1. Where both residues lie in the chain, what percent of DSSP beta bridges are antiparallel, nearest 5?
2. Along segment 112-119, what does the Karplus equation 6.51 cos²θ - 1.76 cosθ + 1.60 (θ = phi - 60°) give for ³J(HN,Hα), rounded to whole Hz, x for Gly and Pro?
3. If contacts are Cα pairs under 8 angstrom and at least 6 residues apart, what is the relative contact order of segment 76-162 in percent?
4. Considering only Met157, Met192, Met97, give the residue with the highest GNM mean-square fluctuation for the chain, with springs between Cα atoms whenever their separation is below 10 Å.
5. Using each residue's phi in segment 299-306, evaluate 6.51 cos²θ - 1.76 cosθ + 1.60 at θ = phi - 60° and report the 3J(HN,Hα) Karplus result to the nearest Hz, with x for Gly and Pro.
6. Treating only the Cβ atoms of Lys and Arg (+1) and Asp and Glu (-1) as charged, compute the dipole magnitude of segment 84-182 about its Cα centre; round to the nearest 20 debye.
7. If a/c stays under 1.5 just call it rounded; otherwise compare a/b with b/c (prolate if a/b is bigger, oblate if not). Do that for the chain, with a ≥ b ≥ c from the square roots of the Cα gyration tensor eigenvalues.
8. Based on the mean of other Cβ atoms within 10 Å per residue, sort peptides 164-170, 111-117, 184-190 so the most packed one is first.
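Just so you know, all these numbers are worked out from the coordinates, no wet-lab data involved. Model, not experiment: these values are computed from the prediction. Every residue, glycine as well, gets a Cβ built from its backbone with ideal geometry; the counts of neighbours run over all protein chains shown.
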Amino acid sequence: MKTKKSMKHCRGSGTVIDPLPINDYIGPDSKDIATLVDKGLVCYNGGRLREICWLLRDILSRDDVVLGLSISGALTPAGFGVSIFAPLIEAGWIDYMVSTGANIYHDIHYALDFKFNVKYPWGKDDELREKGIVRIYDILFDNKVLFDTDKYCLDLMKKPEFRKKMGTSELHYRLAKYVDETAKKNSARPCMLTAARKYDVPIYAPAPCDGTLGLNAGALEMSGLPVQWDSVHDINEITGLAYWARQEGRKSAVLVLGGGVPKNYILQTGPQIQEILHLEDDGHDYFMQLTDARQDTGGLSGATPSEAVTWGKVNPETISRNIVCHADVTIALPIIAAYLFATVKPRKPKRLYQKREECYDALKKAFLGKKNRIIMENHDYKNLEPRISTN
């Protein structure tokens, strides 16, 4: 679908960001990108990038691998919701997602047909502020983008259907219904939210109030229209998906872009299953990460797969196929996506949004079917060690 060239709320000089879906210009006939990865990326972080491309090629050629994606950093303002994430979802390669609230919010701008400029150098920030221009590194946009998106989201969240208790996957699914309608009216290309709804890919935001949607929720609360976002149910819901992903011979994979809360959230399902629920589990079978963080600072963003093994987050049996590439996501991810569209056929979507309550119920049944420290009458904690599979 072609976008209009209205450049709504586009101000200042620079190059306009007009993201094209990557599969519009990369496909099975694009041999050059495959050759570049296969032959040109040899060692150091180039080698690690090639290994991620190869591992994703292998696991996405199978239907029995469930792939979760976590994203942090300002990726959707750069147009990645349209150019990368929507095409990956449409190809059936992404089964569930964990995102910062900011990436959800900024993805909506593209459905509203707002435009952004890239300009480097960008000038003086105090002068940009006086002109009402907001900056994300070299991306510049009118602050009316924020004001109009806030009004749009507030008007939606005042609807009765958003006032009931719900997790963030349901919140985003409901929002996406209206975002999709707006995108079609604006002749805008599919974005991350609209593609996720169409293909039933649940998107979780573990810190929903750490972003502008949360700020809007604060205004609603003071206006007597509080939202009821159930983050605790989210924990069990995504853990149910991870538990299902490793049952009946299936394998679980995660692709982590950046780090932060989304990284921990997508990985902590292993400790939840083993340490808290005392069910057998090995952790995720495949772990891939693009990051610029270092492990020696002790932060989670730079923590390695081998460290995650000690927490029960990653399967120790597959540690040799877990890869970290220290690279800028905005450089490495387009290469990965292009390589996949050049080498892998689309697969049938798993539509986990429609299965999420079923997976939650199965996890709950398994948990309540065993002795556990919460419902034990005598509170005898003896022999309640984490259940790690020895298979």
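1. 25
2. 7, 6, 7, 10, 10, 9, 10, 9
3. The value is 24 percent.
4. Fluctuation is largest for Met157.
5. x, 5, 4, x, 5, 8, x, 5
6. Values: 15 positive and 17 negative charges, 76 e Å.
Roughly 360 debye for segment 84-182.
7. Taking the square roots of the gyration eigenvalues as a ≥ b ≥ c, the chain is oblate.
8. Those peptides, ordered most packed to least, come out 111-117, 164-170, 184-190.
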